1. Along Cα→Cβ, 7 Å out, is where each label goes; now give me the distance between the ones at residue 65 and residue 36 in nm to one decimal.
2. Step through the residues of the stretch 73-80 one at a time and calculate ³J(HN,Hα) from phi using the Karplus curve (6.51 cos²θ - 1.76 cosθ + 1.60, θ = phi - 60°), rounding each to whole Hz and writing x for Gly and Pro.
3. Could you sort 19-27, 143-151, 49-57 so that the peptide with the highest average Cβ count within 10 Å comes first and the rest follow in order?
4. In whole Hz, with x marking every Gly and Pro, tabulate ³J(HN,Hα) for the stretch 170-177 from phi via Karplus 6.51 cos²θ - 1.76 cosθ + 1.60, θ = phi - 60°.
5. Residue 79 to residue 24: FRET efficiency via 1/(1 + (r/R0)^6), r the Cβ-Cβ distance, R0 22 Å, to the nearest 0.05?
6. So between residue 17 and residue 124, what do we pick up on full extension, going 0.36 nm a residue minus the alpha carbon distance?
7. Determine ³J(HN,Hα), in whole Hz, for all residues of the stretch 21-28 in sequence, where each value follows from phi through the Karplus function 6.51 cos²θ - 1.76 cosθ + 1.60 and θ = phi - 60°; x replaces Gly and Pro.
8. Could you give the nm distance between label points at residue 57 and residue 134, where each point is 7 Å from its Cα heading toward the beta carbon?
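Values in this text are rule-based calculations from the coordinates and carry no lab data. On a predicted model such as this, the values are computed, not experimentally measured, just so you know. Quick reminder, even Gly has a Cβ in these numbers, built from the backbone with ideal geometry, and neighbours come from all protein chains shown.
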Amino acid sequence: MRRISTQLIFLGSVYLILGATALAFASAATLASVMVLGVVLFCVGIAQIVYGIQGRKDGQLWPHLGLGCLALVCAALIARNPIENTLGLTLAVSFLLIASGLTKFIGAVTERSLGWGWFAGSGLISLLLGGLILATFPVSAFWTIGTLVGVDLVAAGIATMGLGISIKEVREDLREAGLNSSKMNTVERRRYDRDRDDDSRTPPLH
């Protein structure tokens, strides 16, 4: 449990650093998001084509080949005009944030597991960010994505660190309870030994 809490706190710190970097360079983060999407589509296109060629005997060539070519065309369009494609990515990010916020909030409220309040708050923040993107579209599309993604990363970092801290507190409480139980057992053992010694020194009644 100690290792898990440390890893969560470290991961939350990484999220916070990435979020702060995205906030400091919002325009660059927006352009980087578009380029990353292009790279992802390119990799997906190559994978689909390779999978289709490998499964051509099973009749899977043309469906996967078509999807792969479509992904490659989209990647090429993004690479050719990354700034113009920022508008489309703005809408995509807004819907993703809204979906992510709903999932985190509903899951946290329904599950009510350890640290659920942190994740519920993170879900609400994601919902607000997604709504704000739609409200400001398309005027601030060139800087909104980087800013809101940075804020979402910060919120995720806080939620992850909060979960790690909660687990750490539970571990400390369990350890303290174990120490108290050990002390109580020691006191009871001493009392039992003392009572037994007293009984051994008591002369028998005739």
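1. Between residue 65 and residue 36, the label points sit 3.4 nm apart.
2. 5, 4, 4, 5, 5, 5, 5, 6
3. Ranked from most to least packed, the peptides come out as 143-151, 19-27, 49-57.
4. 3J(HN,Hα) across the stretch 170-177, in whole Hz: 4, 4, 5, 5, 5, 5, 5, 5.
5. With a Förster radius of 22 Å, E is 0.30.
6. Details: separation 107, 0.36 × 107 = 38.52 nm, distance 2.12 nm.
This chain segment gains 36.4 nm when fully extended.
7. Listing the rounded values in order: 5, 5, 5, 6, 10, 5, 5, 5 Hz.
8. With each label point 7 Å from Cα toward Cβ, the separation is 4.9 nm.
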